[in-house]
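Read the structure below first, then the notes.
The values are calculated or read from the model by the stated rules, or taken from the named source; none is laboratory data. All figures in this text were calculated on a predicted structure; none of them were measured in a lab. So basically every Cβ, Gly included, is an ideal-geometry build from the backbone, and we count neighbours across all protein chains shown. For accessibility, only protein heavy atoms count, side chains too; no ligands or nucleic acids. Shrake-Rupley method; radii C 1.70, N 1.55, O 1.52, S 1.80 Å.
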Amino acid sequence: MQAKDLPQDTLSAEALQEAIDTRWLGSVQHYFPEVDSTNALLADMAERGAETGSLVITDYQRRGKGRLGRRWEAPAGSSLLLSLLFRPQWPARRTMWLTMIAGLAAVDAIEAHSGLQAGLKWPNDVMLSAGSEWRKTGGILLESSVQEGMLQQAILGMGLNVNIPSQLLPQGAGPVTSLLAELGRPVSRLPLLALLLERLEGLYEEAAGGKSPQPAWNERLITRGRAVQVTTATETLRGVATGADEWGRLLLRDDAGKVHAISAGDVTLREGPNSPEHGQDG
Ligand code: BT5
């Protein structure tokens, strides 16, 4: 079955307006059947004064962006592909809090909507448990601007693989999946989106009030306490991921016992079915 054949799954301005029940986050919606990138489009709209909380959502991205110039691929009509505009005025070192609350909202919404078990992989991956291994089902891309030490604007992009059939799943560095592939049936996107926005609005307000998302996020990190390899722009480190600090940096105790706080990089599990030793790069 094609996702677009599900009547309740059709995205349109009217259907979105009806499904979304938040107070401000996503209450202004801009739906496009196709765009280059929702993040790029919302950045343009922000420059022209788009309202804080604006949502840009599409059925297909021609040039979906991942981190570091990577691509985000998803067949038309199969996924949630969206961006949200924030103007936080938070101290810049809290920037990662936005990625953290987005991840928390995504795992909560997925679990409530599908019954599947979800988790987070530092720094920005949304994962689904598939028996003995974790598979990537979503990614978060935060693009922010800072002035005088304050976070002025942030565009929070999210891609969630909802109804991508197994044979159309894009290639990832590690195992990739979708809600459909794990459940064996399609899932309607609109109620999932509504849950996601509702949860994220609440988490944002808590964070804006100074409540750190770190304890909840640490609970959800699938790498916590696991042997990992971390590749940063300058080096590759091996050790045990002991958790993340207040600012979302990964804490890695290396094999010599030294603790590193890492702000950006890619993590590979060294043990278990997702490890390179088992032929996969998670
Ligand atoms: C991410 O980057 O995971 C962030 C992805 C954010 C995408 C959203 S969609 C809406 C919004 N608008 C945009 O233009 N982007 C955001 P990163 O950690 O760099 O992972 C990218 C890598 O994931 C790619 O190089 C592939 O290996 C893999 N990948 C690509 N498409 C995927 C998919 N649909 N599911 C799982 N993995 C994928």
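Quick rundown of the values:
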read-out	value
Cα-centred dipole magnitude for the chain, charges only on beta-carbon of K, R (+1) and D, E (-1), debye, nearest 20	560
Cut-off of 10 Å, at most 10 other beta carbons, DSSP loop: longest stretch of the chain lacking such GluC sites (Glu not before Pro)	35-147
Sorted peptide list for 56-65, 168-177, 120-129, criterion being average Cβ within 10 angstrom, highest first	120-129, 56-65, 168-177
Mean residue ellipticity (222 nm) of the chain, computed from DSSP H runs ≥ 4 via -39,500 (n - 2.57), nearest 500	-7500 deg cm²/dmol
Long-range amide H partners of THR177 with built H, under 5 Å	LYS136, THR137
Calculated from backbone phi, Karplus (6.51, -1.76, 1.60) coupling profile of the range 94-103 in Hz, x at Gly/Pro	8, 3, 4, 4, 5, 5, 5, 6, 5, x
Solvent-accessible area per residue for the chain (1.4 angstrom probe, square angstrom)	44
Long-range Cα-Cα pairs in the chain (distance over 35 Å), rounded percent	13
Long-range amide H partners of LEU151 with built H, under 5 Å	GLN89, TRP90, ALA92
For the range 163-220: Kirkwood Rh in Å [reciprocal of mean 1/r, alpha carbons]	14.0
Fraction of the pair-distance distribution of the range 130-282 above 29 Å, Cα-Cα pairs, percent	28
Student exercise, the range 1-83 dipole from Lys, Arg, Asp, Glu Cβ charges, in Debye to nearest 20	500
Dimensionless Rg over Rh [the range 37-175; C-alpha; Kirkwood]	0.97
Max mean-square fluctuation residue, GNM over the chain, Cα-Cα springs under 10 Å, options TRP24, TRP97, TRP247	TRP24
Antiparallel content of DSSP bridges confined to the chain, in %, to 5	90
Residue-count net charge about ILE155 - beta-carbon cut-off 12 Å; Lys, Arg +1, Asp, Glu -1	-1
Shape metrics for the range 91-134, restricted to C-alpha atoms - Rg then Dmax, Å	11.9, 40
Carbon plus sulfur fraction of accessible area for the range 109-231, probe 1.4 Å, in percent	45
³J(HN,Hα), Karplus 6.51/-1.76/1.60, whole Hz, each residue of the range 244-249, x for Gly, Pro	10, 8, 3, 9, x, 7
